[in-house]
Amino acid sequence: MKKSAIFLLVFLCPLCSFCETVTLEPITVTRNYSENATESVDNISSEDIENLPYTSLEELLDYSSSVNLKERAPFGIQQDLSIRGSTFEDAYVTLGGVKINDPQTGHFTLEIPLTSADLEEVGIYKNSQRINFKLKAPQDKGALLKSSFGQYALWENLMSINFPISETKNRLSIEHKISKGSRTDTDFEIYNFSYHSLWQIDKNDLEFLFGQTKRDFGADSFYSSRFRQEEEHINQTFFLGRFGFDSGIFKLNNTAYLRRHRDKFILDRSNPPLSTNYHTTYVYGLKEELSFPNDLFVNLNIEQEKIDSTNLGKHSRLRKGILLGATEKQFGKFLLEFNAGTDYYYKWNYLENAHFGTGYFLRDDFKLRFSYDRLWRAPSFTELYYSDAANRGNPELGIQRSNNFDLGFDFLPKEFFSLSSSVFLRDQYNTIDWVRNNQADVWQAQNVGSVRAYGIDIFPEFKFKDCILERFSVGYTYLALDKASPFAYSKYVFDYDRHKVATSFGFNYKGYRANFVSNFSKPVDRKKYVTFDLKLEKKLRDFTFALEGINIFNKSYEELKDIDGSKRWYKLSVAYEF
């Protein structure tokens, strides 16, 4: 870490001589009357999506210090999502307001069936452990063609076209990625396809989204270091249809959705008959949202989950829920929002959930905030029914519950600087984990008892005008977990980052843009590491030329035990917009 700091100082100090006049760029301060004003939120904006270096949409999450994105391979092939020490099964991921978690296993939750041309922004709601991918609205016209090539025989192509049909705006996006992989048996081929349609007249609208992602890849040691020639084939389809109606007295949104996920897993690609599993899951449901001018709302939903698997068998479970509350209201200097609801879920009967958030403006640019979330999660089908020589599910698993607390502040002066910070606590019980008492034992899914996760995060950001250095930010999160478990070994829950620092620098010199980011991590039981990513970009009329690199100093590290992190990977791209 000391070498990294020295490098940054040597690299940045000479920039001061290039700034003719260093002007502090005003940051417009607007009180946000949306749901995130009383909660600690990291927003990945459309500007970030355009400028940051990344190989897949999912990797954008790792630029938050509160997120530990444990990649088995880059380019969106597979990542385990952890928010403030939660496991990949705990996070709640939504697309267009609809939950897209996979009931088979959380390993598949972050398979987003979109391209970079389809995404407006990403919200990371830390206390409620939720990620929301917000769709970019289709336009009447406009198109993007992009092609990239890079190391390890990488070839990428993207086409996205906006077009009208009568009163409807539409966008069609197609993407293809292929590579031999940076190490043996990590080759991949990926297809992403989406079609988004939006019809709006007065205050009424009709929306349709169809997305599909197909991913075929070598999975070297993804699930077991004993098998280095694993292979996987994934095909996911997502459909959403929504009708919005505004009567002037109330607003009504009705949404129907379907997510189908197919997975073929080969334990040894050189000997497929040894073990090949097929899994197909379906998640489909209806969601009704009714809101009133006084900011009160009622949500009703019904959802069916099904699986047909050669290993897990056939299973089905139904969930019905109701949620009531109020979106953010301001009373003088106070902000307030709350909701509470219950779900009737399969054999676990009624499960309660709640959110409460409040804020107080000490000054126009300084706000204190507090939020509380009561959360639960059901076991995945894998945790309930999976069985092989090294792992055994448990059909008697109970519901995991937690009480989450966040106390912090947002300081947003009208000058060049902003600062947010929080202290947080998650009190979790009936924690679900894969555990064992001896290394020779099989891993067993169990409710292991209580876990307390606590820590602090801080995020300062600077913005400048008329200077090469346009933007500088640092995110830091400290995390600790206490446990009360009778088991000696934990597979997932206690593999977390004790310290994480995410740093970003944005430069602009005569139209040449550069974004340089670093990620320092200190896992609790593994070696610390720091990686650096870089994107250089130049726009010439309708063309954009870019050079991107991840792990540009080729640091050796592990994000998951016994799985090597991504090697240095450069790519060149050219994009044409019209």
Counting only residues 5 or more apart in sequence or on a different chain, those whose built amide H sits under 5 Å from that of residue 433 are 446, 448
Which residues among the range 215-243 fall inside the zone where the amide N is under 20 Å from a point 7 Å beyond the Cα of residue 271, along Cα→Cβ? 218-232
Simple SL model, points at 7 angstrom along Cα→Cβ for residue 296 and residue 578; separation in nm is 5.5 nm
For the range 192-209, in residue order, the Karplus 3J(HN,Hα) values (coefficients 6.51, -1.76, 1.60; θ = phi - 60°; whole Hz; Gly and Pro = x) are 10, 9, 8, 9, 10, 10, 9, 10, 9, 9, 6, 9, 10, 8, 10, 10, 9, 9
Determine the calculated [θ] at 222 nm for the chain from helices alone, applying -39500 (n - 2.57) to every DSSP H run no shorter than 4 residues and normalising by the residue count; nearest 500 deg cm²/dmol. -1000 deg cm²/dmol
For an R0 of 56 angstrom, estimate the FRET efficiency from the Cβ-Cβ distance between residue 329 and residue 440 and round to the nearest 0.05. 0.45
So between residue 184 and residue 466, what do we pick up on full extension, going 0.36 nm a residue minus the alpha carbon distance? 96.8 nm
Could you compute the FRET efficiency for residue 340 and residue 510, with r as their C-beta to C-beta distance and R0 at 35 Å, rounded to 0.05? 0.05
Could you work out the pair-distance distribution P(r) of the range 2-577 from its alpha-carbon pairs, with 10 angstrom bin width and percents rounded to whole numbers? 3, 16, 27, 29, 18, 6, 1
Enumerate the amide H contacts of residue 78 below 5 Å, restricted to partners 5 or more residues apart or on another chain; note that Pro and chain-start residues carry no placed amide H. 72, 73
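What relative contact order, as a whole-number percentage, does the range 450-549 give when Cα pairs under 8 Å and 6 or more residues apart are counted?
Averaging sequence separation for qualifying contacts and normalising by length gives 20 percent for the range 450-549.
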Treat each spin label as a single point 7 Å out from the Cα along the C-beta direction, and report the residue 168 to residue 403 distance in nm. 5.0 nm
Compute the longest continuous run of the chain that contains no exposed GluC sites (Glu not before Pro); treat a site as exposed when its DSSP state is not H, G, I, E or B and it has at most 15 other Cβ atoms within 10 Å. 168-395
Which value in nm describes the separation of the simple spin-label points at residue 364 and residue 246, placed 7 Å from the Cα toward the beta carbon? 2.8 nm
With the 8 Å Cα cutoff and a minimum separation of six or more residues, the chain has a relative contact order in percent of 12 percent
Using θ = phi - 60° and the Karplus curve 6.51 cos²θ - 1.76 cosθ + 1.60, what whole-Hz ³J(HN,Hα) does each residue of the range 172-187 get, with Gly and Pro shown as x? 10, 10, 9, 9, 9, 9, 8, 6, 7, x, 7, 9, 4, 6, 10, 5
Given 141/367; 314/500; 203/287; 214/561; 214/287, the pairs whose alpha carbons are separated by over 29 Å: 141/367; 314/500
I'd like the Karplus ³J(HN,Hα) series for the range 414-431: coefficients 6.51, -1.76, 1.60, θ = phi - 60°, whole numbers in Hz, and an x wherever there's a Gly or Pro. 7, 10, 9, 10, 9, 8, 10, 7, 8, 10, 9, 8, 10, 9, 10, 9, 6, 4
Value of D in µm² per second that Stokes-Einstein yields for the range 288-340, Kirkwood Rh from Cα pairs, at 10 °C (1.306 mPa s): 114 µm²/s
Given the C-alpha centroids of the range 533-578 and the range 425-471, what is the distance between them in whole angstrom? 27 Å
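Bear in mind that the values in this text are calculations on the coordinates, not laboratory data. Fair warning: this is a prediction, and the values are worked out from it, not measured in the lab. FYI the Cβ positions are ideal-geometry reconstructions off the backbone, even for glycines, and counts take in every protein chain you see.
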